1. Quick check on this structure: which one of LYS141, LYS82 is more than 24 Å from TYR5 (Cβ to Cβ) and charged (D, E, K, R)?
2. Based on this model, can you work out whether LYS7 counts as more than 18 Å from the chain's Cα centre (by Cα), in contact (Cβ under 8 Å) with a residue 40 or more places away in the chain, outside any helix (DSSP H, G or I) and closer than 22 Å to SER129 by Cα?
3. Residues in the stretch 72-104 that are in a loop (DSSP other than H, G, I, E, B), at pLDDT 95 or above and exposed (fewer than 11 other Cβ atoms within 10 Å of the Cβ): how many?
4. From the set of residues in the stretch 10-21 that are out of contact with any Pro (no Cβ under 8 Å at 6 or more places or on another chain) and in contact (Cβ under 8 Å) with a residue 40 or more places away in the chain, which is farthest from ILE101 (Cα to Cα)?
5. Can you tell me which residue is farthest from the chain's Cα centre (by Cα) among those in the stretch 62-74 that are aliphatic (A, V, I, L, M) and closer than 25 Å to MET36 by Cα?
6. Taking ILE126 and the conditions (1) in contact with a helix residue (DSSP H, G or I) (Cβ under 8 Å, 6 or more places away or on another chain); (2) hydrophobic (A, V, I, L, M, F, W, C); (3) at pLDDT 95 or above, which numbered condition does it fall short on, given that it satisfies the others?
7. Here's a check for you: in the stretch 35-71, which residue that is in contact with a Pro (Cβ under 9 Å, 6 or more places away or on another chain) and not in a strand (DSSP E or B) is surrounded by the fewest Cβ atoms within 10 Å (Cβ to Cβ)?
8. Scan the stretch 105-153 residue by residue and report those that are outside any loop (DSSP other than H, G, I, E, B), exposed (fewer than 11 other Cβ atoms within 10 Å of the Cβ) and among the hydroxyl-bearing types (Ser, Thr, Tyr).
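The values are calculated or read from the model by the stated rules, or taken from the named source; none is laboratory data. The structure displayed is predicted, hence computed values, not measured ones. Because the Cβ atoms are built from the backbone with ideal geometry, glycine has one as well, and the counts that use them run over all protein chains shown.
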Amino acid sequence: MVRFYGKASGKVDDKGRVVLPAIFRDAMVRGGNEDMTLIIKKNVQQQCLDVFAYEEWVNRSDKVLEGIDPELNTEDADFWTKYNDGVYSLVPDGKLGRLNIPSELLESAGITKEVVFGGVGYKLQIWASETREKDLLSDEKFKSTASRLSAKK
């Protein structure tokens, strides 16, 4: 099982490729999947891209699918189509571990050159550098949310 933690910077080249930082390539090796297929898609809640190990994506998609019936319910079918729109399968190339990110995804996240990779455990996020800092929770909101979540236990 691959878990992504940490933060690293990178750059997108003219062909839409970005080198997967060593810290995250190492996580793939530790998880036993150095040549793994990754799934990339636009994040549903934030202006960034999500990168999942293939198995993680399948597990999460199956959980979503358990709660809907796209074969018999039109609204569920529309949701499921949109949910899977813009989902791409990627395999990091060679020793560098470059990811060739489709231009539509780069545009949807406002990514042009400078990016920040952020590991959030079950997935990796790719942000435009300027977007990530302004979109993260403030320290005060983080503390407030941590308090609220700890009260649930």
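1. From the options LYS141, LYS82, the qualifying one is LYS82.
2. Criteria not met by LYS7.
3. Looking only at that region, the number is 1.
4. It comes out as PRO21.
5. The residue in question is LEU65.
6. (1)
7. Only one residue tops the list, namely ASP35.
8. The answer is SER147, SER150.
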